[in-house]
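The values are calculated or read from the model by the stated rules, or taken from the named source; none is laboratory data. Just so it is clear, the structure is predicted and the values come from calculations on it, not from any experiment. Because the Cβ atoms are built from the backbone with ideal geometry, glycine has one as well, and the counts that use them run over all protein chains shown. All accessible areas refer to the heavy atoms of the entire protein, side chains included, with ligands and DNA or RNA removed. Shrake-Rupley method; radii C 1.70, N 1.55, O 1.52, S 1.80 Å.
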Amino acid sequence: MKFHRLSTYLFGLLLVAFVVLGRQSAKAQTEFLTTSPKYEIRAVWLTTLNGLDWPKTLSNGSSGSVERQKQELVRILDQLKAAGINVVLLQTRVRATTIYPSAMEPWDGCLTGTAGRNPGYDPLQFAIDECHKRGMQLHAWVVTIPIGKWAAAGCTQLRKRQPNLVKKITVNGAAEGVMDPEKPQTATYIADICEEIVKNYDIDGIHLDYIRYPETWKIKVTRQQGRRHITSIAEAISQRVKRLKPWVMMSCSPIGKHDDLSRYSSRGWNARTVVCQDAQEWLRTGVMDALFPMMYFRDNHFFPFAIDWKEQSHGKIVAPGLATYMLDRREGNWPLLTVAQEMNVLRQLGLGHTHFRSRFLTDNTKGIYTFQRQFNNSLALIPPMTWMNATRPDAPREFKIRGARSEERGADATEILRNEERGTRSEVTISWTAPTPNTQHPTPFLYNVYASSVCPVDISDPRNLVATRLTEPYITFSSAKNSLSPPHHSPFRPIYYAITALDRYGNESEPLQSHSFKSQQPTVNYQLSTLNSTIPLLACDGRQLTLPEKPQTLDANTLAIETLQGTLVATSPWRGNKTDVSTLPEGFYQLRSLGRKGITHRLGFFQIKRH
């Protein structure tokens, strides 16, 4: 009954979506957006196999070639960050080859063009550092069973070192090597690889791929025994990782349909029965913290099975993989609307989403990158792994704010506002002191920063998030830099800040507020009670607002109308000397200009009154 109830809910939701979308133009169809939640996995698979996503440039070990390869990755990560991506699944073990200096397996050829050749730097360490700078997690994507072409470097070396673990299979007429999933030593070997990564790198997750029987493997044992073999591999890896660093997220990418459903067939391709991948059971028993099922389907091959993943998530994390590559004309030529609808429904179900692959997203195939940026209109945190540790860290201490001219402890909100209006706040640095470590939280803390025009800052509202997972106890907002905040904020407009500490499990502390209730109340009351009597209002007849004369030195082409608390309610081009406000409710508002570089100035206040 539970499945049928959820099915009814989903199809009702879809019916509403189709009715709304059917009445809109093609351009407007992808604007059917749901509210961005505070907690949500927004991930991408970044493929290194044959340099499919990265790298396109090869390193020969020289400083110039190394830097070019690095900068190529930096550009990709900048794009992903701007699109709201918070988890990067980076292919780390490729085909019994790696993108880091391994004591067990050779370098992959994607880095230099030749397998076994050192690229002159550590790409995994560089990627981790760059992701963490941007507040993103990096999970090491480990391909488990396939080890590549039979004569390729990775397969050849592993056959020499572990001849009893390697089997030959035929894939599309070519001989390939795979690790034997029925040999206990296979679990030990892959666990050794994952231990090497976890010990040597500050990764956020281990992500297992192809942890199943290969498609062309003739399974001679019972399906129950086959599932036991695959589960033994997953358990061995998970136990090894959690023993070293229990906060590292364990995940895998199962086949997108777990099994046949009561009303929908998997059409002969599913995880549990066909390839013995009992992924939902792994969530239940704690072998996995998260699943990224490869749901490269649409319509009734997608939505009912998405419900099934939600139903069987056991309170853990599920972020289905989307067939973003199918938007490409050479792949499937799907319309953007297909993926957009799937993303909307996944969010309605409380699931995350994962793009396959990075290049199809960042290339803006069929407009998917543009949609992704609209869809993620505020930042999101990674859901906490409360099943591992649910203890919240203590809040940060000793908030400080420093402007371009002076440093203040617990600075007065009114004075900061005055500095803003005078144009003297060209740079603002806020800092705080880390909470005291304890036995529950021995690792270094991360920090989230919230900003708002309302005090106290509401940390439950994701629109107030302006920076996530900071590694240092400070942040500087500067007009000389690109803003770190989402579109709803400018770092120079918010008066109030809140800082929270984050442990490695994702547990968030109570906020350290920059200002007390006492300091903010007079400011708000002053604004509300004195607008009419002491501040000249812009002329407004209830339908048309008369605009002030535009100074020739003002580089602004957009008007923004906000509430007195700073909430954006409308924007319009700055043309002529009037603008239409007939659709806004009665009340007091402030008018601001918005320049091409994001610089904003208050133009005045006005009142809409129609009676």
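For the range 329-374, I need the span (max minus min coordinate) of the C-alpha atoms along each principal axis, in Å, sorted largest to smallest.
31, 17, 17
Expressed as a fraction of 2.2 N^0.38 Å, the rule-of-thumb size for a compact globular protein of N residues, what is the C-alpha radius of gyration of the range 91-152? The partial results should precede the final answer.
Numbers: Rg = 12.3 Å, N = 62, 2.2 N^0.38 = 10.6 Å.
The range 91-152 yields a ratio of 1.17.
Please give the net charge around Pro435, taking every other residue with its beta carbon less than 13 angstrom from that of Pro435, where Lys and Arg add +1 and Asp and Glu add -1.
Values: positive: Arg392, Arg397; negative: Asp394, Glu398, Asp503, Glu508, Glu510.
Neighbourhood net charge equals -3.
With Rg and the Kirkwood Rh both taken from Cα atoms, where does Rg over Rh land for the range 225-265?
Details: Rg = 14.1 Å, Rh = 12.4 Å.
My calculation of the ratio gives 1.13.
Kirkwood hydrodynamic radius (Cα pairs, Å) of the range 233-300? It would help to have the intermediate numbers written out before the result.
Details: mean 1/r = 0.0771 Å⁻¹.
Result for the range 233-300 stands at 13.0 Å.
Mind grabbing the accessible area of Leu568 for me, 1.4 Å probe, Å², rounded to tens?
Solvent-accessible area, nearest 10 Å²: 70 Å².
Kindly write out, for the range 266-282 in residue order, the coupling ³J(HN,Hα) from the Karplus curve 6.51 cos²θ - 1.76 cosθ + 1.60 (θ = phi - 60°), rounded to whole Hz, with x marking Gly and Pro.
Karplus values, whole Hz, x for Gly and Pro: 7, 6, x, 9, 8, 7, 6, 8, 7, 10, 6, 10, 8, 5, 5, 5, 5.
In angstroms, what radius of gyration and Dmax does the range 61-135 have, counting Cα atoms only?
For the range 61-135, the Cα-based Rg and Dmax read 12.8, 36 Å.
Ordering Thr285, Thr433 from largest to smallest accessible area (1.4 angstrom probe), what's the sequence? Don't skip to the answer; put the middle values down first.
Values: Thr285 75, Thr433 45 Å².
The ranking, largest first, comes out as Thr285, Thr433.
Where the accessible area of the range 127-219 is counted over protein heavy atoms with a 1.4 Å probe, how much of it, in %, is carbon and sulfur? Please report the intermediate quantities before stating the final value.
Working: 1660 of 3580 Å².
That share works out to 46 percent.
Rounded to a whole number, what is D in µm²/s for the range 78-231 from Stokes-Einstein with the Kirkwood radius over alpha-carbon pairs (25 °C, 0.890 mPa s)? Spell out each step's value before the answer.
Numbers: Rh = 16.5 Å.
Estimated via Stokes-Einstein, D reaches 148 µm²/s.
Plugging the Kirkwood radius over Cα pairs into Stokes-Einstein for the range 59-102, at a temperature of 4 °C and a viscosity of 1.567 mPa s, what D comes out in µm²/s?
Numbers: Rh = 12.3 Å.
Approximately 105 µm²/s, per Stokes-Einstein.
Excluding ligands, DNA and RNA, what is the solvent-accessible area per residue of the range 542-611 at a probe of 1.4 Å, expressed in Å²?
On the way: 4080 Å² over 70 residues.
Roughly 58 Å² per residue, with all protein chains present.
Which whole number of Å³ per residue matches the convex hull of the alpha-carbon atoms in the range 154-252?
Spelled out: Cα convex hull of the range 154-252, divided by residues, is 111 Å³.
If Rh is defined by the Kirkwood formula over all Cα pairs and Rg also comes from Cα, what ratio Rg/Rh do you get for the range 125-172? Display every interim value, and only then the final one.
On the way: Rg = 16.2 Å, Rh = 13.4 Å.
Rounded to two decimals, Rg over Rh is 1.21.
Starting from one equal scatterer on each C-alpha and no solvent at all, send me the Debye-based log10 I(q)/I(0) for the range 195-321 at q = 0.11, 0.20 Å⁻¹, two decimals.
The computed values of log10 I(q)/I(0) come out as -0.38, -1.13.
Please list Asp204, Asp192, Asp580 from largest to smallest accessible area, probe radius 1.4 Å, with all protein chains kept in place. List each step's numbers first, then the result.
On the way: Asp204 10, Asp192 55, Asp580 90 Å².
Sorted by accessible area, descending: Asp580, Asp192, Asp204.
Leaving ligands and nucleic acids out of the surface, order Arg610, Arg359, Arg592 by accessible area at 1.4 Å, largest first. Could the numbers behind the result be given before it?
Numbers: Arg610 90, Arg359 65, Arg592 10 Å².
Largest accessible area first, the residues go Arg610, Arg359, Arg592.
Report the equivalent ellipsoid semi-axes for the range 264-408 in whole Å, largest first, defined as the square roots of five times the eigenvalues of the gyration tensor built from alpha carbon atoms. Walk me through the numbers before you get to the answer.
Numbers: eigenvalues 232, 125, 26 Å².
Computed over the range 264-408, the values are 34, 25, 11 Å.
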